[in-house]
Amino acid sequence: MSNEKFYVTTPIYYANDVPHLGHAYTTIAADVVARYQRMMLGGDNVYFLTGTDEHGAKIAQAAEDNKLKPQEFVDKIAADFQMIWDRLSISNNDFIRTTEDRHKEIVVDFLNKLKEAKTPLGNPVIYEGEYEGLYCVGCETFKSEYDLVDGKCPDHNKEPEPYKEKNWFLRLSDYGDKLKELIESGEFKVLPEIRANEILGLINIGLKDVAISRQTLKWGIPLPFDKDQVTYVWVDALSNYISALGGPESDLYKKFWPCDIHLMAKDILKFHATIWPAILLALDLPLPKEVFAHGFFTVDGQKMSKTIGNVIAPDELVDQYGTDATRYLLLSQFGFGTDGDFSKERLTNIYNAALANELGNLVSRVLAMTDKNFAGRVPKYNVGYDKFFEFDLQTDWNRYDVYMKSYQFDQALNVIWENVRRCNAYIDKEKPWELANGHKDILADVLYNLLETIRQTAIMSRPFMPEISERILMQLGFEAEKELAKSIEDLRKWASLPLDQKITKGEVLFPRLENENNKDK
Ligand code: MSP
């Protein structure tokens, strides 16, 4: 196995409300990345982090609205997040909460170091000043008039609050040139490219210093050098990516930092592509290799919002479709970097078409034919017949790797489904039920091609649908865990499905669903 390592993170989500589909979207994507990298590099060389962001005005407000102490409130929400990640088969190595001591200690250490640090222009990195302006609690950020539409924050449809406080500031304005150089040289990658251009645009206008503390707020980490102030929630939160590893002195840090990819949506890219790298530069720590901002999705054409009442809880989809199908449905509908829309009605149609009909039926048909014609054993393969399966798979693995490494999940899934469709078309063309009468040698080859392609399809599907992938392998007669412990090179080798292996027809992989929306039509 390789010595390379991979560290992937999701944003730490605000613990002000229960998890929704937006959070699940990024977390499933990160899980797919982590599972793919584990397959490539071995489990010990991959680290996958998620967690909750538990300080700040927004959380304090939500706790008050729920008549709970902030800590009690966030304990409850953090448990909700962990529960849904379990249901969605999220394989995170750690779950960081910003109210944990291990996190607070690192934040305090960072703040002390920032207090002593100098910017590339030789100025103190942080300084005391007064901030007067507007603050949107929903975004936990300062707003200028240009950010507002009709005087309101467009994301939260609320007027920001007037704000005047003595604060400590981070001299972000001194970091523009350095950041520009790092982004343009590709040393610090901001992806997709359109997002890099946005950040470069901001830098060109001129980065403004940001307040890194709050005076009137109590729910946060006190500044070590000014106990009347608490740390600004973004400085607190961004540090999680290192605090979770145990700080810059820890073995995990030494193995996994710099982070290979911070995943998030475009709403919070600015913080990850300006404030975070500036803090790291000031601390003399390496920057993450890449930050990737995916698009935002709407539900039935509208932004998900409590007021509209169209917020989808991830639980709802898991109840309806099951874990693996939910994962598939979320990542297959549109490109990861672009905005998209989910229509609930369409989801059931896609489930029935792609999962129940194309993949599910293929597996059950091929196993049934093997059962019937070869007493449930993998038939002997007369090498040479219909070699195109083998050749196509070789190119498909290459294409799949390119898509997986560039986070084009919908395209990687497409490669998998091309295989599935190739198999279904092959069955229609070869008509195994006719070959069964007098052409058993050809039938053996046909079925072997199909069974082996299904095996490889199960391996390809594994990052997306871990449970289904194991079930397919078990139906093909493998002890899934033992089989999956093999190296990726072995798993991808053509014809490694052992001849004569006893297959076991299992339960239907994806039971067909009635589309409620089509019922009366
Ligand atoms: N707490 C901060 C992040 C701190 S990271 C150091 C925060 N939390 S959040 O709960 O608001 O989560 C925002 C993230 O949730 C987005 O960046 C994205 O990953 C995910 N999404 C929330 N709604 C979404 C959509 N409608 N569409 C796509 N992603 C969505 O910001």
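Side notes on the structure shown:
- Complete set of residues in the range 35-50 that are in contact (Cβ under 8 Å) with a residue 60 or more places away in the chain, in contact with a Pro (Cβ under 9 Å, 6 or more places away or on another chain) and open to solvent by less than 10 Å² (accessible area, probe 1.4 Å): Tyr36
- Subset of the range 188-211 (residues that are open to solvent by 40 Å² or more (accessible area, probe 1.4 Å) and within 26 Å of Thr338 (Cβ to Cβ)): Lys189, Leu191, Glu193, Ile194, Asn197, Glu198, Leu202, Asn204, Ile205
- In the range 238-258, residue farthest from Asn112 (Cα to Cα) [restricted to those that are assigned to a loop (DSSP other than H, G, I, E, B), away from the ligand (no atom under 12 Å from the Cβ) and not aromatic (Phe, Trp, Tyr)]: Pro258
- Scan of the range 214-225 for residues that are at pLDDT 95 or above and not in a loop (DSSP other than H, G, I, E, B), ordered by number: Pro222, Leu223
- Taken across the range 236-253, residues that are more than 27 Å from the chain's Cα centre (by Cα) and open to solvent by 20 Å² or more (accessible area, probe 1.4 Å) do occur, with at least one present.
- Number of positions in the range 281-303 that are within 13 Å of the ligand (Cβ to nearest atom) and either crowded, with 21+ Cβ neighbours inside 10 Å or assigned to a helix (DSSP H, G or I) (or both): 5
- Checking Leu317, Leu263 one by one, the residue that is part of a strand (DSSP E or B), at negative phi and either modelled with pLDDT of 95 or more or away from the ligand (no atom under 11 Å from the Cβ) (or both) is Leu263 and no other.
- Among the residues of the range 337-363, those that are more than 20 Å from Gly506 (Cα to Cα), small (Gly, Ala, Ser) and within 24 Å of the chain's Cα centre (by Cα) comprise Gly337, Gly340, Ser343.
- Ser406, sole failed condition from (1) surrounded by 17 or more Cβ atoms within 10 Å (Cβ to Cβ); (2) without any contact (Cβ under 8 Å) to a residue 12 or more places away in the chain: (1)
- Helices (runs of 4 or more DSSP H) within the range 354-448 that include 2 or more residues closer than 23 Å to Val32 by Cβ and out of contact with any strand residue (DSSP E or B) (no Cβ under 8 Å at 6 or more places or on another chain): 361-374, 388-405, 409-430
- Test result for Tyr14, touching a helix residue (DSSP H, G or I) at 6+ places or on another chain (Cβ under 9 Å), near the ligand (Cβ under 9 Å from one of its atoms) and among the aromatic types (Phe, Trp, Tyr): yes
- Residue count for the range 109-166, restricted to those that are within 33 Å of the chain's Cα centre (by Cα) and among the polar types (S, T, N, Q): 4
- Of residues in the range 17-34 being of a type in the set (A, V, I, L, M, F, W, C) and open to solvent by less than 20 Å² (accessible area, probe 1.4 Å), the one nearest to the ligand (Cβ to nearest atom): Leu21
- Asp155 at pLDDT below 95, of a type outside the set (A, V, I, L, M) and out of contact with any strand residue (DSSP E or B) (no Cβ under 9 Å at 6 or more places or on another chain): no
The values are calculated or read from the model by the stated rules, or taken from the named source; none is laboratory data. Since the model is a prediction, treat every value here as computed from it, not as a measurement. Positions of Cβ are generated from backbone atoms using ideal geometry, with glycine treated the same way; all protein chains shown enter the neighbour counts. For accessibility, only protein heavy atoms count, side chains too; no ligands or nucleic acids. Shrake-Rupley method; radii C 1.70, N 1.55, O 1.52, S 1.80 Å.
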